[in-house]
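*Asks:* Attaching a single structure in structure tokens format; questions to follow.
The values are calculated or read from the model by the stated rules, or taken from the named source; none is laboratory data. On a predicted model such as this, the values are computed, not experimentally measured, just so you know. Neighbour counts run over all protein chains shown; Cβ positions are idealised from the backbone, glycine included. Each accessible area value is taken on the protein alone, full model and side chains, heavy atoms only, with ligands, DNA and RNA left out. Shrake-Rupley method; radii C 1.70, N 1.55, O 1.52, S 1.80 Å.
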Amino acid sequence: MNEISFLGFMLVGTFFLGYNDIQYKRSLEKGMDERLLVGLPFLVAGLILIVLMGLIGVPHVGAPFWKAYTATVLLNVVSQAVFMRAFKLADASIVAPLRLIIPIFVIATGYVFLAERPPLTGMLGIFITMFGVWLLLFSENAGSWKNYFSSENGKGVLLGLFGSLLFSISFPFDKITVVSSSALFASGLVSISIGALTILVHLYSPSFRGTLRLSLKNWRPLLNISLFRAAGTVLTNQALVYTFAAYASSLKRLQAVWTVVLSGTFLNEKHIGKKILATAIMFGGLLFSVIGR
């Protein structure tokens, strides 16, 4: 029963988050401020979830919650900004699959922070993704690697890799916040805090204040993004209670598959066939890690 619940929550939640990636990229292409795309959707999504929690009831909050909450908020303020910049510089179909390497890092961070020890078969399955990473980058690189990484796409890849490392560090803390309270409470409070802190950090900038005022007049696209983020976040967080952090992180990367598939339809990005193949290989390795447990 736990396995069915885990898969159900993850499949639906990751689709919502994958579609959210497409909305982010389209908004960036239209010139929307990347700082705004982190701040407001997280803030509004968190408020939506907190209102829902108020209708259900406030859960018991365990002692480990607040330290984990502080760590994940601070890490996500940086990692979300880094990943949004990566989306601005590179194709969504090249940046999103980089999340598939997060479970490689989560093996280490899950062990350090949660004392979880996935078996060797699971670890081997995760490392299959490295071949997929190579294939993904090879499909984009027609010249020298030096020239590629000096291009906007290449810089986006480097930022995506750095953001993935930060996400892997925050992921165990995400799990602690959920298991020591509830998915709804943790998702809501963490999202509000990430959004509010991001906005506060950038309020000193006149250009940011100008785009903030403008966005409040054109609020519908941001509300749509916020709704999908709220739904995707709470569903994927709820799945965390059913398995190891490394395994949950693996299946959560299905978000990247949805993003690559949808980017061909909504963004008309190039080499989608090759990117789908590379992403499928990466994700296949992660599924092997889940089944191999």
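*Asks:* Determine, yes or no, whether PRO221 is within 19 Å of TYR24 (Cβ to Cβ) and either more than 19 Å from the chain's Cα centre (by Cα) or polar (S, T, N, Q) (or both).
*Replies:* So PRO221 fits the description; yes.
*Asks:* Among (1) in a helix (DSSP H, G or I); (2) open to solvent by less than 30 Å² (accessible area, probe 1.4 Å); (3) modelled with pLDDT of 65 or more, which single condition is SER139 missing?
*Replies:* Evaluating SER139 over (1) in a helix (DSSP H, G or I); (2) open to solvent by less than 30 Å² (accessible area, probe 1.4 Å); (3) modelled with pLDDT of 65 or more leaves (3) as the failure.
*Asks:* Taking region 193-242, which residues are open to solvent by 80 Å² or more (accessible area, probe 1.4 Å) and of a type in the set (A, V, I, L, M)?
*Replies:* LEU200, LEU214, LEU216, LEU227
*Asks:* Taking region 101-129 as the search range and keeping residues that are open to solvent by 40 Å² or more (accessible area, probe 1.4 Å) and small (Gly, Ala, Ser), which one is modelled with the highest pLDDT?
*Replies:* ALA115
*Asks:* Right, next: In region 21-52, which residues are over 16 Å from the mean Cα position of the chain (by Cα), over 14 Å from TRP219 (Cβ atoms), open to solvent by less than 30 Å² (accessible area, probe 1.4 Å) and of a type outside the set (Asp, Glu)?
*Replies:* Listed by number, the residues that qualify are LEU28, LEU49.
*Asks:* Further, regarding this structure: Tally time: how many residues in region 249-271 are within 11 Å of ALA92 (Cα to Cα), β-branched (Val, Ile, Thr) and surrounded by fewer than 20 Cβ atoms within 10 Å (Cβ to Cβ)?
*Replies:* 1
*Asks:* Related question: Hey, LEU55 hits all of (1) free of Cβ contacts under 8 Å to residues at least 40 places away in the same chain; (2) hydrophobic (A, V, I, L, M, F, W, C); (3) assigned to a loop (DSSP other than H, G, I, E, B) but one; which does it fall short on?
*Replies:* (3)
*Asks:* Another question, then. Give the residue, chosen from LEU11, LEU7, that is assigned to a helix (DSSP H, G or I), within 15 Å of the chain's Cα centre (by Cα) and surrounded by fewer than 17 Cβ atoms within 10 Å (Cβ to Cβ).
*Replies:* Only one candidate passes the filter, namely LEU11.
*Asks:* Counting only residues that are over 14 Å from GLU152 (Cα atoms) and either among the acidic types (Asp, Glu) or surrounded by fewer than 24 Cβ atoms within 10 Å (Cβ to Cβ) (or both), how many does region 83-100 have?
*Replies:* Going through region 83-100 one residue at a time, the tally reaches 0.
*Asks:* Go through region 18-52 and report how many residues are in a helix (DSSP H, G or I) and under 19 Å from SER205 (Cβ atoms).
*Replies:* Total satisfying the criteria: 12.
*Asks:* While we're on this one: If you go through region 58-77 one residue at a time, do you hit one that is part of a helix (DSSP H, G or I), small (Gly, Ala, Ser) and in contact with a Gly (Cβ under 9 Å, 6 or more places away or on another chain)?
*Replies:* Among the residues of region 58-77, not one is part of a helix (DSSP H, G or I), small (Gly, Ala, Ser) and in contact with a Gly (Cβ under 9 Å, 6 or more places away or on another chain), which makes the answer no.
*Asks:* Here's another thing I want to ask about it. Of everything in region 171-189, what is within 17 Å of LEU75 (Cβ to Cβ), in contact with a Pro (Cβ under 9 Å, 6 or more places away or on another chain) and open to solvent by 20 Å² or more (accessible area, probe 1.4 Å)? Give them in sequence order.
*Replies:* Answer for region 171-189, where residues must be within 17 Å of LEU75 (Cβ to Cβ), in contact with a Pro (Cβ under 9 Å, 6 or more places away or on another chain) and open to solvent by 20 Å² or more (accessible area, probe 1.4 Å): just ILE176.
*Asks:* Within region 53-70, how many residues turn out to be in contact with a Ser or Thr (Cβ under 7 Å, 6 or more places away or on another chain) and surrounded by fewer than 19 Cβ atoms within 10 Å (Cβ to Cβ)?
*Replies:* 4
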